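J.: Take this structure, written in structure tokens, and hold onto it; I'll ask about it next.
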Amino acid sequence: ETGVTQTPRHLVMGMTNKKSLKCEQHLGHNAMYWYKQSAKKPLELMFVYSLEERVENNSVPSRFSPECPNSSHLFLHLHTLQPEDSALYLCASSYRDRGHEQYFGPGTRLTVT
Amino acid sequence: GNSVTQMEGPVTLSEEAFLTINCTYTATGYPSLFWYVQYPGEGLQLLLKATKADDKGSNKGFEATYRKETTSFHLEKGSVQVSDSAVYFCALKGGSYIPTFGRGTSLIVHP
């Protein structure tokens, strides 16, 4: 499969659960990103990994924990989430250079009950 | 820091109408500029881009010109279709590998 893939596509979890979102790209890109997309709100950058650097949005709660074991895989570990964390979580990848666009996955629709 | 400002939506048009979605930016240096589109239930995908001043990006009948003097990158299409209904995001990427996105503009096209 080409492009950026994300699993699962849909996830319903209780507030006490622990789950992980997975993202994979085989485009040779050297930067990977997690975004949160909520209704009526701007796209929110959560984390970026590139060439062993990690950039965090300081407003993201610690109940979200990213992991990037290699340049092709990215995880978002979730624990003790809140209902307001329900959103579409998008993964993206790109080359670092300014002229290169991002490639987005289809997203994981997360519902916290 | 960098910022992107898009017109508020939703933009509602009849089929075959002319479309303009305004985008202005603030950035240091010479960023690249992008328009992405998000169809319902999908992730964002690149629609077009321009990497230097006066470049015109085009794709699927959409166009945008990189205007450095007005710091703008307005999206236009001469005749929209119902299938163009989506959310459109303007974005820039400057010296950092972290892009800046606008808030998105929803387009609704009626038959």
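The values are calculated or read from the model by the stated rules, or taken from the named source; none is laboratory data. Keep in mind the model is a prediction, meaning the values are calculated, not measured. Neighbour counts run over all protein chains shown; Cβ positions are idealised from the backbone, glycine included. Accessible surface areas use protein heavy atoms only, side chains included; no ligands, DNA or RNA. Shrake-Rupley method; radii C 1.70, N 1.55, O 1.52, S 1.80 Å.
J.: Other chains' Cβ within 10 Å of A:89-99 residues: what's the mean? Display every interim value, and only then the final one.
T.: On the way: counts 0, 4, 1, 3, 0, 4, 1, 4, 4, 12, 8.
The per-residue average across the peptide is 4.
J.: If r is the Cβ-Cβ distance from B:ASN59 to A:HIS26 and R0 is 22 Å, what FRET efficiency results, to the nearest 0.05?
T.: Step by step, r from the Cβ atoms, then E = 0.35.
J.: Please state the relative contact order of chain B as a whole percent: Cα pairs under 8 Å, 6+ residues apart? Walk me through the numbers on the way to the answer.
T.: Details: 290 pairs, mean separation 40.6, N = 111.
Once divided by the residue count of chain B, the mean separation gives 37 percent.
J.: Work out the mean other chain Cβ neighbour count within 10 Å for the residues of B:21-34 and drop it here as an integer.
T.: 1
J.: Where does the Debye-calculated log10 I(q)/I(0) of chain B sit at q = 0.09, 0.16, 0.17, 0.24 Å⁻¹, using only Cα point scatterers of equal weight, no solvent?
T.: Results for chain B at q = 0.09, 0.16, 0.17, 0.24 Å⁻¹ read -0.21, -0.66, -0.74, -1.39.
J.: Here's something else I'd like to know. Could you compute the FRET efficiency for B:ASN22 and A:ARG96, with r as their C-beta to C-beta distance and R0 at 22 Å, rounded to 0.05?
T.: It comes to 0.15.
J.: Another question, then. On average, how many beta carbons from a partner chain sit within 10 Å of the beta carbon of a residue in B:44-54? Can you show the working numbers first?
T.: Working: counts 11, 5, 5, 1, 1, 3, 1, 4, 1, 0, 0.
Taking the mean over all residues of the peptide, I get 3.
J.: Using alpha-carbon pairs under 8 Å, 6+ residues apart, how would you state the relative contact order of chain A in percent? Please list the in-between numbers first.
T.: Numbers: 270 pairs, mean separation 42.5, N = 113.
Here the relative contact order equals 38 percent.
J.: Here's a follow-up. Quick one: pull the percent of accessible area on chain A belonging to carbon and sulfur, 1.4 Å probe, ligands and nucleic acids left out.
T.: 49
J.: Let me ask another. Using the heavy atoms of the protein chains alone and a 1.4 angstrom probe, what is the accessible area of the protein assembly as shown per residue in square angstrom?
T.: 49
J.: Counting only protein heavy atoms and using a 1.4 Å probe, what share of the accessible area of chain B belongs to carbon plus sulfur, as a whole percent? Before the final figure, lay out each step's value.
T.: Values: 2540 of 5150 Å².
Answer for chain B: carbon and sulfur cover 49 percent of the accessible area.
J.: Enumerate the amide H contacts of B:HIS74 below 5 Å, restricted to partners 5 or more residues apart or on another chain; note that Pro and chain-start residues carry no placed amide H.
T.: Amide H to amide H, under 5 Å and 5 or more residues apart or across chains, B:HIS74 pairs with B:CYS23, B:THR65.
J.: Between chains B and A, what is the buried accessible area in Å², counting both sides, with a 1.4 Å probe and ligands, DNA and RNA left out, to the nearest 100?
T.: Accessible area lost upon association: around 1800 Å².
J.: At a Förster radius of 25 Å, what calculated FRET efficiency corresponds to the Cβ-Cβ distance of A:SER59 and A:ARG9, to the nearest 0.05?
T.: Efficiency computed from Cβ-Cβ geometry: 0.45.
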